[in-house]
1. Name the residue, out of B:Ala117, B:Ala156, B:Ala168, whose mean-square fluctuation peaks in a Gaussian network model built on chain B with Cα pairs under 10 Å.
2. For the range D:1-125, rounded, prolate or oblate, judged on the Cα gyration tensor with a ≥ b ≥ c (square roots of eigenvalues), a/c < 1.5 rounded, else prolate if a/b > b/c?
3. Just to confirm a number: summing +1 for Lys and Arg and -1 for Asp and Glu over residues other than C:Asp217 whose beta-carbon lies under 15 angstrom from that of C:Asp217, what do you get?
4. Below 22 Å, Cα to Cα, which lysines can C:Lys192 reach? Residues fewer than 8 away in the same chain don't count.
5. How large is the dipole of chain A about the Cα centre if only Lys and Arg carry +1 and Asp and Glu carry -1, each at its Cβ, rounded to the nearest 20 debye?
6. Using just the helices of chain F, give the 222 nm mean residue ellipticity in deg cm²/dmol: DSSP H runs with n ≥ 4 each add -39,500 (n - 2.57), and the total is spread over all residues, rounded to 500.
7. Taking the Cα centre of the protein assembly as shown as origin, sum charge times position over the Cβ atoms of Lys and Arg (+1) and Asp and Glu (-1), and report the length of that vector in debye to the nearest 20.
8. With θ set to phi - 60° and the Karplus curve 6.51 cos²θ - 1.76 cosθ + 1.60, what are the ³J(HN,Hα) couplings of the range B:184-191 in order, to the nearest whole Hz, using x for Gly and Pro?
There are 6 protein chains.
Amino acid sequence: MLLHLSTWAEIEQFLKRSRTIVIPIGSNEQHGPTGLLGTDWLCPEIIAREAEREKTADILVGPTFNIGMAQHHLGFPGTISLRPSTFIAAIGDWTRSLVGHGFEKILFLNGHGGNIASIEAAFSEIYAEASFAGRRAGFALKLCNWWDLEGVGELAREQFPTGHGSHATPSEIAITQWAFPAAIKLADYAPKIAPSGPIREAHDFRARFPDGRIGSDPGLATPEKGEALVRLAARSLAQELDSFGRELIPA
Amino acid sequence: MLLHLSTWAEIEQFLKRSRTIVIPIGSNEQHGPTGLLGTDWLCPEIIAREAEREKTADILVGPTFNIGMAQHHLGFPGTISLRPSTFIAAIGDWTRSLVGHGFEKILFLNGHGGNIASIEAAFSEIYAEASFAGRRAGFALKLCNWWDLEGVGELAREQFPTGHGSHATPSEIAITQWAFPAAIKLADYAPKIAPSGPIREAHDFRARFPDGRIGSDPGLATPEKGEALVRLAARSLAQELDSFGRELIPA
Amino acid sequence: MLLHLSTWAEIEQFLKRSRTIVIPIGSNEQHGPTGLLGTDWLCPEIIAREAEREKTADILVGPTFNIGMAQHHLGFPGTISLRPSTFIAAIGDWTRSLVGHGFEKILFLNGHGGNIASIEAAFSEIYAEASFAGRRAGFALKLCNWWDLEGVGELAREQFPTGHGSHATPSEIAITQWAFPAAIKLADYAPKIAPSGPIREAHDFRARFPDGRIGSDPGLATPEKGEALVRLAARSLAQELDSFGRELIPA
Amino acid sequence: MLLHLSTWAEIEQFLKRSRTIVIPIGSNEQHGPTGLLGTDWLCPEIIAREAEREKTADILVGPTFNIGMAQHHLGFPGTISLRPSTFIAAIGDWTRSLVGHGFEKILFLNGHGGNIASIEAAFSEIYAEASFAGRRAGFALKLCNWWDLEGVGELAREQFPTGHGSHATPSEIAITQWAFPAAIKLADYAPKIAPSGPIREAHDFRARFPDGRIGSDPGLATPEKGEALVRLAARSLAQELDSFGRELIPA
Amino acid sequence: MLLHLSTWAEIEQFLKRSRTIVIPIGSNEQHGPTGLLGTDWLCPEIIAREAEREKTADILVGPTFNIGMAQHHLGFPGTISLRPSTFIAAIGDWTRSLVGHGFEKILFLNGHGGNIASIEAAFSEIYAEASFAGRRAGFALKLCNWWDLEGVGELAREQFPTGHGSHATPSEIAITQWAFPAAIKLADYAPKIAPSGPIREAHDFRARFPDGRIGSDPGLATPEKGEALVRLAARSLAQELDSFGRELIPA
Amino acid sequence: MLLHLSTWAEIEQFLKRSRTIVIPIGSNEQHGPTGLLGTDWLCPEIIAREAEREKTADILVGPTFNIGMAQHHLGFPGTISLRPSTFIAAIGDWTRSLVGHGFEKILFLNGHGGNIASIEAAFSEIYAEASFAGRRAGFALKLCNWWDLEGVGELAREQFPTGHGSHATPSEIAITQWAFPAAIKLADYAPKIAPSGPIREAHDFRARFPDGRIGSDPGLATPEKGEALVRLAARSLAQELDSFGRELIPA
């Protein structure tokens, strides 16, 4: 089920058979000369909705959390970022809303490496409410990057033995090419494989990575490779949700 | 253009010919027995993307701000809400990101009445930075509810002379029916027209409005009426953006 | 009773017969060439204290919340403003203090249009505590602008068929003229009726409205008209408090 | 001048001859069986307005900051308190508003001992903006308790050699008796002089100080003593403002 | 016991015999030409650990809170400061952690005058949670400056009849000389006794107090005087903890 | 140099030859039946001070940030934790203080895995100030866990081929054994190697890990192994600081 296309009564029914939900979460930020600004929230949305569409499992997909922590990309037009403190507050409110309805397992399917620290900090901020109060929380939060889903990293390394890099990667661009073929963009990449380096603030970032890529050659992406990644990731996500849903929370 | 399907370089180009952007903003909340949980963010997204699709104007549509201020709906499963303070912080970060790129006119196309106060408070919070610092802000923010777009309220009143109400209205449900025909839901509404009353916190709300509707008969909605509303709203939005874009900001 | 001239024991007694209180709330901000900086907090204070003085009802008037959200007026000396976030926090603490004593109906009698959004956002922030916790709040908050009290808007339109405008209006200035005759100021207004336009940040505001008025001709104000407004508003406030006090909060 | 009864143009003129303002600040909290809930904000307001009324100096009195830090009094009905964090934020916004207009010396005339720590913390919070930014602030903030004004403590000790205590003191009650003779309340105090002890949270406070007084015998208060205190305090305040206004801020 | 050199099981045992803990708290800030940057957190740490080492009482010493509120010293390299709001939040988290384990008496042994207001504001912020909720807190917080411990001020005045001053005082410098003889620094002080004046922001501070001292002659310090101060302070601290630990909290 | 044993003038001199500082950062939390509560802040303090003591490089060691993000350990007495939001605010103030003095490279030598996400979130929060403002930050922040220093992980794996685990590890316990031989504690561990599992809130943590260890056998620790780890880590830290200090920040 897609939560946003369901009624409240349908969710009430769903909660009688499952307490698990997946929230696609990403970022809206520059992805090099040809990557879409939405890449990082589109990828987990595409994968989660594909997992739901295949109907091999009874999966509930929440709305997409589309703006993440991308302060370092603000030097490139179109990037929209939350500060970590805002991001943490917002993840908290999403979580408290869902927990209030009875959800006990919330899996955030993440599409942006830059989100990881702030999402984990958000989890700790939420858990701390129970920890400081000396009471049991009764729910579990999980962060799962789509590229860490079972088998997905291996496939990407097989598809792109060189030039994968860490930002504006051919794997993420392939996924959006498959999902949005009309929005495929082309460019001459110079250098073919982008430089690497530390990630700090936006000015520093743009000086180091003038076209926005880090260590990647997005020219290797094809819609077909994207399709293979999505299908594998969707299956692995279904398994991940199943095992997360079965996990016991200590009484 | 849809920002999320564009590259940063395309936005850089866009900024040379326009400084205006529209952000669909709504809420993910119960909409009665048959309304979709996503109704309030889907409606402005549908209208803004339709306005862009028609290509009668050079419009840039940003990502959809899909979770708003819906604390009063938290008594119904599936509702996700930000507290006003979180909502204000997040609108601030979206705005500062866009203003940093050179946008000077940001129109929030809103789909949720419960958002209005917090969006306006957010605007004041952002403007206050310049006002307290004694400097010119150099940008303008505008809140526009889709039902207040030129002619739209009149059309809705004509389509639904009775039973329109103020929550889970036939007009908003008609719009989602047109956009998502596969997700049309049916129910027997009892009473046919829902009660009205004050809006306070979630427990109070559910006690007053047991099935979630306020003053409305969603059974009056049809996809055809939805289509008419979307087409009119899209045209009016294009005009609104044009006139907002032309407006001078005092030096 | 005036809360600030009562003892705690008198309030303890009052709570045995009523759970309702009115808090005058306004702003301290420029009101054009002749309006008092305190106009927006003086007007609701004057009306609420008049309602109490007439002793036709058992009314409790709290201290006046005198600094509101007036960031757009900061370009004019003497304006003091809270940011919306501070305003929301402060209204929250006032409310939690009063609710802790057993008050169940808190009516904020407001004197400043610029406060409305932030007051409503504050209400939602407070209600959200109960809504997120899944519990009944047990109290109700109401915002009532003095010019919206039964009959008051009609009287003002009758008194000032043209030149009422929306800031530094003759009706609010008339009220302060009646209450503070020694502080009546005169000026030649040029133009007689001030311009109108959107309200944004302080620099923008001062550029659009050089003497501080919006759409008004304060020269129409007289103490006599002020007296009529106050007497009518005081009676309507007493009725409003009575009906608000009788309203049932769902169990 | 009273700021709230002035126009913005009058304040603009005042700023050409002085950069100093006094803000009465207090608290709305229980003051024992006979003390007014408003005592702590009324006393500095009475003194500051008296200093202004005597016209021996060109004094500008701002609006009264009437709700302070009184968490420990919340066990008694009628008390309204800000948390320290809210109080600090609000003092910050008041100060930034005034500094933005050109005020360079802001004296907070305080009427509540429980405010002192939070007011000083607020000053540090405001100063820290300049200190962290490595720039000159260009303004000075001063906290002055009315009972610390030149000669006032001596007079109070002379008037009340025993039974002055530290809360609901005869000196503060005498001042409100002089200003509001119609609101003088009587009671049999038992014990005559209230106990003393540490101040912690509200439950602890009410257990230690059942009628709200600390170490005081308010029965010693008379309007005549109040008048003497006000007249002396008003003169001392005028001197204090004069010397504070003359103080040089290092370039 | 030193908490940081204990195991959790040892603390669990300690809590069966005592509910009292002392937290040394100070600041890391300039202390004139010869004072150590750590002076203000070293002094209470030295005294508390000495009290524990002497084993005349069963004392538990927590980790040292080493960064305090020192915004006014930021004009001198090496100073590290929290803003009051951060300081208050951090003291709150320390306290809530300890209270959660069952500690009922937390004594903050303070080494920095500039911390006092913010520590007391922090206490009120923490207490306010119980006060607003209308419940008993069940614990007590105490601020004790080391120079206010029984007899210590008298000894310091005896040791340094002139030139003690209020910042970079010979007494605090003597204590660090005794504890860190290898880090004793020498300088020619000009003037011998530093000037005094108000404390505001960092720029103002450095202009008034060019070498960082206020009213003091640190050249009077000797390790021997430091030892005497520490020994007396340690004994007085043990007594203070004992009497604080015995104090009853009202039911 | 140790900053806390230096004067401001010595730091002013240091800044003429270096812009780099190392801040030991950790946590005060339970470390199983025999580990010290201070383990996680003592380890980086020990290593950093050893690096400084060896005088092979001109290193400046700041005060130790001793309380970190340990909400999951709050179920064990003696743990003191900041919430992530407080931790982020505090790291921000430390950093802004140091940057204000001219430090351009701040290396946080971390001793607690649970700190990592929040420290990185803190860096982003600080960098975001420059990124949102569209200006160059001019400084770089680096997080370095002591076990990730060149060669250290390899040595630990060699010393403890099994039973190293991830909390209350023999390597960290060995380090504190070497530094505090008088505080070595013994216990029978049952099971010998502790279980592993996910880390969530405090109640969940204590249920999964009853004696506080995760996957470790602290009985393998010896002071000699600790000494080897410290000496290697100290040398690697000196190299790390040197290369970090030489790194160019883009203009």
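1. Its mean-square fluctuation being the largest, the pick is B:Ala117.
2. On the way: a/c = 2.64, a/b = 1.55, b/c = 1.70.
Verdict is oblate for the range D:1-125.
3. On the way: positive: C:Arg157, C:Lys185, C:Lys192, C:Arg213, C:Lys225; negative: C:Glu172, C:Asp188, C:Asp211.
Once all neighbours under 15 Å are counted, the net charge is +2.
4. In chain and number order, the partners are C:Lys225.
5. Around 260 debye, computed over chain A.
6. Working: 8 runs with 110 residues, N = 251.
That calculation yields -14000 deg cm²/dmol at 222 nm.
7. Values: 138 positive and 174 negative charges, 0 e Å.
Charge dipole, the protein assembly as shown, about its Cα centre: 0 debye, nearest 20.
8. With the stated coefficients, the range B:184-191 comes to 6, 10, 10, 6, 8, 8, 9, x Hz.
No value in this document is a laboratory result; all are computed from the given coordinates. These figures come from a predicted structure and were not determined experimentally. No Cβ is skipped: glycine too gets one built from the backbone with ideal geometry, and neighbour counts run over all protein chains shown.
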